[in-house]
Structure formats: structure tokens, C-alpha cells
Amino acid sequence: MPWDHPQPFTLHVRPQAGDIDELQHTNNAVYVQWCEKVGWAHSQALGLGIADYQRLDRAMVIRQAQYDYLLPSLLGQELILGTWLTDSDGKLTMERRFQFIRAQDGATVLRGRWHLVCVEISSGRARRLPEEFSRVYLAALTAPPAAAG
């Protein structure tokens, strides 16, 4: 697959009838839900799930999201959802990127980017990454190529 970055964490999905809008393609809101799904699955695969977030009273939350909807996907078409952690200041913020590819032709249908900030769940205030987040997430970073958009 023509991935933007090496070694993505991936999930495979197929749009179902409820994912299709009046224009007969996957609704854009479904892509956003799939970003959340693959992002959480990646975090859990790295060893940090919601129970860890609650135990540490910390969470990575979306400060800014950007989605580039490049091509449609249709009912039943296999998509490969890829994600990476691509940047962090090592203190408070991280960046997660997404790329969704149609399996049948290798075409990219979506690129996305989340700018994340660490917050204390109980107060909602920005807080430094706990040691556990730093150890797990920073080790998983994939530096984006200079030419990547």
C-alpha cells in the first residue's frame, strides 16, 4: 500500500448501509468516527486504554482536527484505516495522522491530522504527559517525511 509513513497501525472496514449518505457514498461523519476507532485501537495496542487514562486521571484530547476528503468510498468497499503518532513536544502535545486507503485500487480516500493535548480528566486542565504516556507514546512516534502534507 502507498502509505504516507512507514508501518501504520491498521484496521480494515467496509462501509455498511447505515454509513452511506444520500449521495450514495460513505458519509464524512463516518470517516471521523473511524479516525476515533483506529486511534483508540492503536492506543490500546500500544498498551494504553481508557482504564489507564482513568487511573492516571489524564487523557489525550483533540485540540484541532483536520480532514481532507479526497475520494469517495462506496457500500461494501474494503478500506484500510492507517494511523501514526507523528510528533510530540514531549511535554504536553502530540500529533496523530490518518490515511484511509481503498484496498481494491490503493487510492487514498482520506488524510487526517489531530493535534492532541494532555489534560487532567478531573479538571479538564492541560497537564504534562504522565511518565506512562511518555514511555509508551513517544516510543511509538514516526517522524513525518519533510514533503508530507
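The values are calculated or read from the model by the stated rules, or taken from the named source; none is laboratory data. Just so you know, these numbers come straight off a predicted model, no measurement behind them. Neighbour counts run over all protein chains shown; Cβ positions are idealised from the backbone, glycine included. Protein only, heavy atoms only, side chains kept; ligands, DNA and RNA dropped before computing areas. Shrake-Rupley method; radii C 1.70, N 1.55, O 1.52, S 1.80 Å.
Placing +1 on each Lys and Arg Cβ and -1 on each Asp and Glu Cβ, with no other charges, gives the chain a dipole about its Cα centre of roughly 400 debye. From helices alone, the chain scores -5500 deg cm²/dmol at 222 nm; the rule is -39500 (n - 2.57) for each run of n ≥ 4 DSSP H residues, then divide by the residue total.
Taking amide H positions as modeled 1.01 Å from N, with prolines and chain starts lacking one, the residues under 5 Å from ALA107 and 5 or more places away or on another chain are ARG102. With a 1.4 Å probe rolled over the protein heavy atoms of all chains, the accessible area of THR142, THR86 falls in the order THR142, THR86, largest first.
A simple spin-label model places pseudo-atoms 7 Å from Cα toward Cβ; at GLN33 and ALA17 they are separated by 1.5 nm. Compute the angle between helix 28-46 and the longest alpha-carbon principal axis of the chain, please, reported from 0 to 90 degrees and rounded to the nearest 10. The answer is roughly 50 degrees. Taking all Cα pairs closer than 8 Å and separated by 6 or more residues, the relative contact order of the chain comes to 28 percent. Rank THR83, HIS25, GLY47 by how far each Cα sits towards the positive end of the charge dipole of the range 12-116 (+1 on Lys, Arg Cβ; -1 on Asp, Glu Cβ) and give me just the farthest. Selected residue: GLY47. Dimensions of the range 35-149 along the principal axes, based on C-alpha atoms and rounded to the nearest Å, stand at 43, 31, 22, largest first. Accessible surface of the range 62-110, 1.4 Å probe: 48 percent of it comes from carbon and sulfur atoms.
A simple spin-label model places pseudo-atoms 7 Å from Cα toward Cβ; at SER122 and THR93 they are separated by 2.7 nm.
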